[in-house]
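This report concerns only the one structure given below.
The values are calculated or read from the model by the stated rules, or taken from the named source; none is laboratory data. On a predicted model such as this, the values are computed, not experimentally measured, just so you know. No Cβ is skipped: glycine too gets one built from the backbone with ideal geometry, and neighbour counts run over all protein chains shown. Note: accessible area is taken over every heavy atom of the protein model, side chains too, but ligands, DNA and RNA are not part of it. Shrake-Rupley method; radii C 1.70, N 1.55, O 1.52, S 1.80 Å.
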Amino acid sequence: MSTDAAGLGTRRAVGFVVPAVVLVGVFLVFPALWTIYLGVTDFALTGLSAADPRTVGVDNYAEALGDERFHASLWLTAQYVAGSAVIGQAGLGFAVAWVLRDRPGPVRRVVEGLILLAWILPSSVVAFLWIALLDRDAGTLNALLHTPGAAWLLDHPMASIIMFNVWRGTAFSMMLYGAALENVPPSHLETARLAGASAFQQIRDVVLPRIRGHVLTNLLLISLWTFNDFTSFQITAGGPEGRSEIVPVYIYDVALRGGRLGFGAAVSFLVLLVNLVAALLYLRAARSRGGVAA
């Protein structure tokens with residue numbers, strides 16, 4: 001029996017690999033192929049198309065690309081990603097990590113624990129808390145601001161779900177940047193400080209060049225997660241009048257509420273392509289600037 005570098009032998013090595021390959025095939029490869037297949041059919045939840053779906057070629061894709069509602073959802077999703085991930089989570093996560101880097105252990109642990117709590121709570125619980133916060137009649141925010149009757153979820157739906165996602169997801173960026181800042185030698189910051197550099201200049205000229213890979217890795221992950229995030233549905237359900245209908249909510253509405261699984265699968269595949277393009281752009285930027293964090 002042939003052996004490998006680890007000395008397991010071919011059969012034992014295959015035995016370790018097969019379960020992982022099966023899981024990847026069942027839960028990743030097969031659903032992806034099935035989605036591609038559904039995207040070229042008129043498959044539906046009910047009716048004749050459910051029992052005997054027809055192949056429609058690229059009709060679903062053509063309809064999606066010409067759908068103004070889909071275009072609007074893409075634009076809203078771009079705002080959602082830029083506001084809550086790129087600016088909100090990444091910016092706030094770095095700010096918190098920067099402020100806490102020199103704080104005493106107990107203070108740092110308490111603050112990090114509170115921020116992590118928002119991340120580990122079930123999304124349905126977090127959504128209920130934010131609805132209670134923003135409620136028009138008995139909301140906590142209206143009570144604090146003395147603005148009775150202010151309908152935040154109706155008047156500012158996108159701002160509401162952006163703030164909700166920033167509050168919920170900042171913990172990941174905070175932890176990643178906190179670990180990255182540990183690799184910045186304090187002597188470098190002290191030298192810059194003695195040279196008269198302001199805090200902004202220290203971050204720009206000393207810190208960011210050393211943690212560039214971590215920044216790009218964080219932006220890639222949180223951008224993809226936010227682009228595909230469905231949790232905002234629990235806050236506004238895409239309303240009012242589609243003003244917070246981001247792409248995942250749009251797909252849910254046309255595929256499950258509307259019963260058009262084939263069309264929904266086509267839109268999902270288009271979203272996959274958008275994610276792949278975004279990931280490739282991030283990776284290209286990472287390679288041109290020294291690589292991503294391991």
(message) Consider the range 161-180. How many of its residues are aliphatic (A, V, I, L, M) and either outside the structural domain of Gly113 (by the TED database) or surrounded by fewer than 21 Cβ atoms within 10 Å (Cβ to Cβ) (or both)?
(response) 3
(message) Condition check: farther than 30 Å from Phe200 by Cβ and either surrounded by 11 or more Cβ atoms within 10 Å (Cβ to Cβ) or without any contact (Cβ under 8 Å) to a residue 24 or more places away in the chain (or both). Does Phe27 satisfy that?
(response) yes
(request) Would you mention how many residues in the range 181-205 are open to solvent by less than 30 Å² (accessible area, probe 1.4 Å) and touching a residue at least 40 places away in the same chain (Cβ under 8 Å)? (result) 1
(message) Here is a check on your reading of the model: is Ala118 more than 18 Å from Leu92 (Cβ to Cβ) and in the same structural domain as Leu76 (by the TED database)?
(response) no
(message) Go through (1) farther than 28 Å from Leu114 by Cα; (2) modelled with pLDDT of 90 or more for Asn218 and report which single condition fails.
(response) (1)
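To keep it simple, each residue is scored yes or no on (1) modelled with pLDDT of 90 or more; (2) over 30 Å from Ser123 (Cα atoms); (3) among the aliphatic types (A, V, I, L, M).
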site: Thr191; (1), (2), (3): no, yes, no
site: Asn228; (1), (2), (3): yes, no, no
site: Ser232; (1), (2), (3): yes, no, no
site: Gly239; (1), (2), (3): no, no, no
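Take the conditions among the aliphatic types (A, V, I, L, M) and assigned to a loop (DSSP other than H, G, I, E, B) and apply them to Val206. Does it pass? Show your work before the answer.
Numbers: among the aliphatic types (A, V, I, L, M): yes; assigned to a loop (DSSP other than H, G, I, E, B): no.
Criteria not met by Val206.
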(request) Please specify each residue of the range 140-160 satisfying the condition of being closer than 19 Å to Tyr80 by Cα and either open to solvent by less than 40 Å² (accessible area, probe 1.4 Å) or aliphatic (A, V, I, L, M) (or both). (result) Leu153, Leu154, Pro157, Met158, Ala159, Ser160
(message) Go through the range 33-47 and report how many residues are under 14 Å from Leu270 (Cα atoms) and open to solvent by less than 50 Å² (accessible area, probe 1.4 Å).
(response) 4
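Table: residues versus (1) outside the structural domain of Leu45 (by the TED database); (2) free of Cβ contacts under 8 Å to residues at least 12 places away in the same chain; (3) crowded, with 20+ Cβ neighbours inside 10 Å; (4) not aromatic (Phe, Trp, Tyr).
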residue	(1), (2), (3), (4)
Leu221	yes, no, no, yes
Asn228	yes, no, no, yes
Ser232	yes, no, yes, yes
Thr236	yes, no, yes, yes
Val249	yes, no, yes, yes
Gly262	yes, no, yes, yes
Ala265	yes, no, yes, yes
Arg284	yes, yes, no, yes
(message) With the condition being surrounded by fewer than 13 Cβ atoms within 10 Å (Cβ to Cβ), I'd like the helices (runs of 4 or more DSSP H) fully within the range 50-126 carrying at least 3 qualifying residues.
(response) 68-80, 105-120
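Looking only at the range 204-257, count every residue that is within 20 Å of Ile162 (Cα to Cα) and hydrophobic (A, V, I, L, M, F, W, C) and tell me the total. Show your work before the answer.
Initial filter on the range 204-257 (within 20 Å of Ile162 (Cα to Cα)): 218-252.
If we keep only those that are hydrophobic (A, V, I, L, M, F, W, C) too, we end up with 219-222, 224-225, 227, 230, 233, 235, 237, 246-247, 249, 251.
Of the residues in that region, 15 qualify.
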